[in-house]
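*Asks:* Dropping a structure here in structure tokens format, bear with me for questions.
The values are calculated or read from the model by the stated rules, or taken from the named source; none is laboratory data. It should be emphasised that the depicted structure is a prediction, and the values quoted were computed from it without experimental measurement. A quick note on method: Cβ atoms are made from the backbone with ideal geometry, for glycine too, and the neighbour counts reach across all protein chains shown. Just the protein is used for accessible areas: all its heavy atoms, side chains included, with ligands, DNA and RNA removed. Shrake-Rupley method; radii C 1.70, N 1.55, O 1.52, S 1.80 Å.
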Amino acid sequence: MMNGKHLSGEKPGSSKIRLAEQITGGPSGKPIQIMTHQILGYPDFDTNYEMIRLFQESGARFVELQLPFSEPIADGPVFLHANQASLASGTTTKQCLEFAERVVTDFPGLSFLFMTYYNVVIQYGIEDFVKACAAIGIQGLIVPDAYPEESQEFMEACRQNGVEPILIVTPYTSSERLAYLSAATGGFLYCAARKGVTGTKTSFGRETEAFITRVRSIARTPVAVGFGIQSDQDVRFLEGKCDIAIIGTQLLTVLEQEGLSGVKRFLKTIIPA
């Protein structure tokens, strides 16, 4: 699949518009935007495709496609199992890139980002990986263990190829480091709402609000919040405080328990009309 106009450098759809320019929700007074998540190859690529179809139909704006890795250090047990099961079924980076090219073309109402771990990028070849992402229209890269001061080649490849490197902060990030990461990130700043791994429920309240307020006072980009968003109440709490709510583990949990029809119902409750 990876041939033709995409690999010649002509990116499909909204990839010609920088990621930050597509973010119009949250504190701007418009409804908060939603970023959803898929672990590629789990349970299979056909289900990934149908999930993405539901995301577009339901009004999600951004989709985080996770390339599986055997030791996903930022992920909780639900995602850990999915990563390992996907790899056990034979999922490869090449397959993920080919699938991404397909969905970028088929779902022009969505903007796609990759999430993975640095070892996957290094094994593929840092510059080759970023160039491949740019060629198929991937908007940004979330690589939690590619710390910017230690991954200059990756950061430079992103800048040279127009792919946004999305950096992550937590409530424990010092204001000094927050300023550094805010200056280095592209597209938006990813705020993990609490310390720890994905999947555990976050108690959204005064501490979360204070954290987001501190981030917004320093951030030079839009702000996205993830980790532990499980209900429409969580999204409503974040409205007016940040630009994007990121929903991942709960989508996979609903899929495993209730199937695609359950995901469709859940998306109707979680995404603002």
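*Asks:* Run down the aspartates and glutamates and flag those whose C-alpha is under 18 Å from the C-alpha of Lys94, throwing out any fewer than 8 positions away in its chain.
*Replies:* Hits, sequence-local ones excluded: Asp44, Asp46, Glu64, Glu127, Asp128.
*Asks:* Considering the zone a paramagnetic label at Ser89 would reach in this model (a point 7 Å from Cα along the Cα-to-Cβ line), which residues of the stretch 56-76 have amide N under 14 Å from it?
*Replies:* Residues 66-69 fall inside that zone.
*Asks:* What residues of the stretch 219-240 lie in the reach of a label at Thr170, counting those whose backbone N is under 18 Å from a point 7 Å from the Cα along Cα→Cβ?
*Replies:* Flagged as within label range: 224-229.
*Asks:* Same structure again: What residues from the stretch 119-143 fall in the zone where the backbone N is under 14 Å from a label point 7 Å along the Cα-to-C-beta line of Glu156?
*Replies:* 126-128
*Asks:* For Gln22 and Tyr147, calculate 0.36 nm times their separation in residues minus their Cα-Cα distance, and state this gained length in nm to one decimal.
*Replies:* Using 0.36 nm per residue and subtracting the Cα-Cα distance, I get 42.5 nm.
*Asks:* Work from the charge dipole of the chain (Cβ charges, +1 for Lys and Arg, -1 for Asp and Glu, about the Cα centre) and give the residue of Phe129, Gly162, Ile212 farthest towards its positive end.
*Replies:* Towards the positive end, the residue furthest out is Ile212.
*Asks:* Given the options Leu260, Leu141, Pro222, identify the residue whose Cα lies farthest towards the positive end of the charge dipole of the chain (+1 on Cβ of Lys, Arg; -1 on Cβ of Asp, Glu).
*Replies:* Pro222
*Asks:* Of all GluC sites (Glu not before Pro) in the stretch 228-272, which ones are in loop regions per DSSP and have a Cβ with at most 16 other Cβ atoms within 10 Å?
*Replies:* Glu239
*Asks:* In the chain, what percent of the accessible surface is made up of carbon and sulfur (1.4 Å probe, ligands and nucleic acids excluded)?
*Replies:* Heavy-atom surface of the chain belonging to carbon and sulfur, 1.4 Å probe: 49 percent.
*Asks:* Something else: Mean separation of Cα pairs under 8 Å and 6+ residues apart, divided by the residue count of the stretch 28-270: what relative contact order is that in percent? Walk me through the intermediate numbers first.
*Replies:* Values: 423 pairs, mean separation 51.3, N = 243.
With pairs under 8 Å counted, the relative contact order is 21 percent.
*Asks:* Please work out how much length the chain gains when fully extended from Glu98 to Glu239, using 0.36 nm per residue of separation minus the C-alpha to C-alpha distance, in nm with one decimal.
*Replies:* Stretched fully, the Glu98-Glu239 segment lengthens by 47.3 nm.
*Asks:* Related question: First check a/c for the chain, with a ≥ b ≥ c the square roots of the eigenvalues of its C-alpha gyration tensor; if it is under 1.5, answer rounded, and if not, answer prolate when a/b is larger than b/c or oblate otherwise.
*Replies:* Values: a/c = 1.36, a/b = 1.12, b/c = 1.22.
Here the chain falls in the rounded category.
*Asks:* Next question, about the same structure. Place a +1 charge on the Cβ of each Lys and Arg in the chain and a -1 charge on the Cβ of each Asp and Glu, then give the dipole magnitude about the Cα centre in debye, rounded to the nearest 20. Intermediate results must be reported in sequence, preceding the final value.
*Replies:* Values: 24 positive and 29 negative charges, 169 e Å.
So the dipole magnitude of the chain works out to roughly 820 debye.
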